[in-house]
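Colleague: Here's a structure for you.
Bear in mind these aren't lab numbers, they're just calculated from the coordinates by the rules spelled out. The model shown is predicted, which means the values in this text are computed figures rather than measured ones. Glycine also receives a Cβ, built like all others from the backbone with ideal geometry; neighbour counts cover every protein chain displayed.
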Amino acid sequence: MEWLVFVPLAAMALITAVLVIVLRNPVYCALSLIGTFFALSGIYLLLQAQFIAVVQVIVYAGAIMVLFLFVVMLLDLGHELPAWLQRDRSRLLLGIGVIALLFIELAIPIGSRTSHGPQGPYTSELVGAVGNTQLVGRLLFTDFLIPFEITSIILLIAIIGAMVLARR
Amino acid sequence: MPEGAFFVIMVTKIVVVFGLMLLSVTYLTWLERKVIGDIQVRLGPMRVGPHGLLQPIADGLKLLFKEEIVPQAADRMLYLLAPALALIPAFISFAVIPFGDQVRLFGQSIDLVIADVNIGLLYVFGVASLGVYGIVLGGWASNNKYALLGGLRASAQMISYELSLGLSVVGVVMLSQSLSLVQIVDTQARVWFIVLQPIGFLIFLICAVAETNRAPFDLPEAETELVAGFHVEYSSMKFAMFFMAEYANMITVSAMATTLFLGGWRGPWLPPVVWFLVKLYLFIFLFIWLRGTLPRFRYDQLMRFGWKVLLPVALVNIMITAVFVALR
């Protein structure tokens, strides 16, 4: 039953992800990326992580990609790649090499099943009983409080940095 | 409840809500023209049917039979897709809004909400944040400078006001301890949240007008500067779809304001569904009233107001609410 939903979502995520780098028109690339985010959000729903699924749509598809599109449209990037990015044998080989490395890196843990470790405390029964949002919130403000706060400070620094650079 | 009955009830609810939504969208055009007419001491539509009541149907038929024009330099695929992208989010966000109490019909108890999702509030925000794509892509795909400017304005405006919109309802979530719209209505059984969250309500209302791109926040389609903005190249039914999306968004946002701050379907004497509709149309009337009264913002005013006034006030509101919730 789960497969009926998972396989189309996974296929959609893969196809749109490939389209992001294959398509020539930057607007279509951005739209494909939105498609990827949607598929991922669906997979989060399958994992009963409703909060993360919706936040994925609100933050990535609804806000960040709108800004991407905004910039792409404002710059009017045209449809042709610049000359230095045109097809080049050595670059192609390098790309294939990197993809192969990544593939091996992913295949080893999946093949050896090291990902099937002992079960953690947050089973789907617990998540269902307490509520997904409540659990994420509680964890963020107890066990992960320091990483959470450090992240917000880093983001603040990035914002100030962008402001300083823009004022120059 | 047997599986079959559940299925039949579900489909019936969807069809009824969708049908009523379409009907309301059609007749909102009539209501808007009548109310604006009254504000400007005119009669509004009077010719088709008594008091122009058949005018929306005449308009709809006219739009269906108009010639479809696709500009030669337009990006054909996105140009055709954009109106649908605007329309779909406008309609599907109503799925989680409760419009009445449980009723008993044919021996079955039926919840008057299509789907009570535990993250209902976030679902509405997620869907609403996608509405901007129809406008932005419509503006870009038309390959017209005015349309592009309208689309860009829409994206900047909707992102800026979405933040304050989201923050304005955090207070409500803190008080009700839930993101489910059904539970938010339940916690308002004694006091409506408009009493406990007056600042949150005001910010929500302002941002809601901005999110629906209606006057005084109708910069994406400012007639006097951008001709008609993002939909200038659209004709026939595709043009109508953009307008249907705008009116449907108006209904959804009004329903959200009702649910979050005015106790949803709760009220004395009258049946719940009637209360819901009364409150809903109160907000819709307010939307039309605003359009008939206020002049349009300037672009820099719009941005300054959103970022430097609404956002800090919304944050302070959350802080005050947090102190009260902690002390309780």
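Colleague: Identify all aspartates and glutamates with a Cα-Cα distance to residue B:145 below 18 Å; exclude those on the same chain that are fewer than 8 residues away in sequence.
Modeller: Once the sequence-local aspartates and glutamates are set aside, what remains near residue B:145 is A:76, B:75, B:218, B:221, B:223, B:225, B:233.
Colleague: Classify the range A:1-77 as rounded, prolate or oblate, taking a ≥ b ≥ c as the square roots of the eigenvalues of its Cα gyration tensor: rounded when a/c is under 1.5, otherwise prolate if a/b is larger than b/c and oblate if not.
Modeller: Oblate shape, in that a/c is at least 1.5 and b/c is the bigger or equal ratio.
Colleague: I would also like to ask the following. Checking the a/c ratio against 1.5 first, then a/b against b/c, what shape does the Cα gyration tensor give for the range B:203-328?
Modeller: It comes out oblate by the Cα gyration axes.
Colleague: If amide H atoms are built 1.01 Å from N in the plane of the peptide, which residues on other chains or at least 5 residues away come under 5 Å of the amide H of residue B:101?
Modeller: Residues meeting the amide H criterion: B:273.
Colleague: Moving to a separate point now. Averaging sequence separations of C-alpha pairs under 8 Å and six or more residues apart, then dividing by the length of the range A:1-77, give the relative contact order as a whole percent.
Modeller: 29 percent.
Colleague: Select from A:93, B:301, B:118 the residue farthest towards the positive end of the dipole of the protein assembly as shown; place +1 on Cβ of Lys and Arg, -1 on Cβ of Asp and Glu, and compute about the Cα centre.
Modeller: Final value for the positive-end residue is B:301.
Colleague: Springs between alpha-carbon pairs under 10 angstrom, Gaussian network model over chain A: which of A:33, A:93, A:23 fluctuates most?
Modeller: For chain A, modelled as a Gaussian network with Cα springs under 10 Å, the answer is A:93.
Colleague: Okay, next question. Quick one: dipole size for the range B:69-327, taken about the Cα centre, charges +1 on Lys/Arg Cβ and -1 on Asp/Glu Cβ, in debye to the nearest 20.
Modeller: So the magnitude is around 300 debye.
Colleague: Now a separate question. Which of rounded, prolate, oblate describes the range A:128-168, given a ≥ b ≥ c as roots of the alpha-carbon gyration tensor eigenvalues and a/c under 1.5 marking rounded, otherwise prolate only if a/b is larger than b/c?
Modeller: It is prolate, given that a/c is not under 1.5 and a/b is the larger ratio.
Colleague: Right, something else. For chain A, what is the calculated [θ] at 222 nm in deg cm²/dmol (nearest 500), taking -39500 (n - 2.57) for each run of four or more DSSP H residues and dividing by its residue count?
Modeller: Taking each H run of at least 4 residues, the total per residue is -24000 deg cm²/dmol.
Colleague: Still on this structure, I have one more. Using a Gaussian network model on chain B with a 10 Å cutoff between Cα atoms, which of B:230, B:91, B:297 fluctuates the most?
Modeller: Checking each option, the largest mean-square fluctuation is seen for B:297.
Colleague: Next question, about the same structure. To make sure I understand the rule: partners must be lysines, Cα under 21 Å from the Cα of residue B:34, and not fewer than 8 residues away in the same chain. Which ones qualify?
Modeller: B:62, B:279
Colleague: While we're here: Using Cβ counts within 10 Å as a stand-in for footprinting exposure, how do B:93, B:180, B:236 rank, fewest first?
Modeller: B:236, B:180, B:93
Colleague: Can you sort A:89, A:138 from fewest to most other Cβ atoms within 10 Å of each residue's own Cβ?
Modeller: Ordered from fewest to most neighbouring Cβ atoms within 10 Å, A:89, A:138 come out as A:89, A:138.
Colleague: Identify which of B:294, B:315, B:260 has the largest mean-square fluctuation in a Gaussian network model of chain B, with springs joining Cα atoms closer than 10 Å.
Modeller: In the Gaussian network model the winner is B:294.
Colleague: Send over the Kirkwood Rh of the protein assembly as shown, from the inverse of the averaged 1/r over different Cα pairs, rounded to one decimal Å.
Modeller: 25.2 Å
Colleague: Got a sec? How would B:47, B:266 order by Cβ neighbour count within 10 Å, fewest to most?
Modeller: B:47, B:266
Colleague: Report, please, the projected area of chain B averaged over directions, based on the convex hull of its C-alpha atoms, in nm².
Modeller: 19.1 nm²
Colleague: Something else now. Using 0.36 nm times the number of residues separating residue A:89 and residue A:45, minus their current alpha carbon distance, what extension gain do you get?
Modeller: Full-extension gain reported as 11.7 nm.
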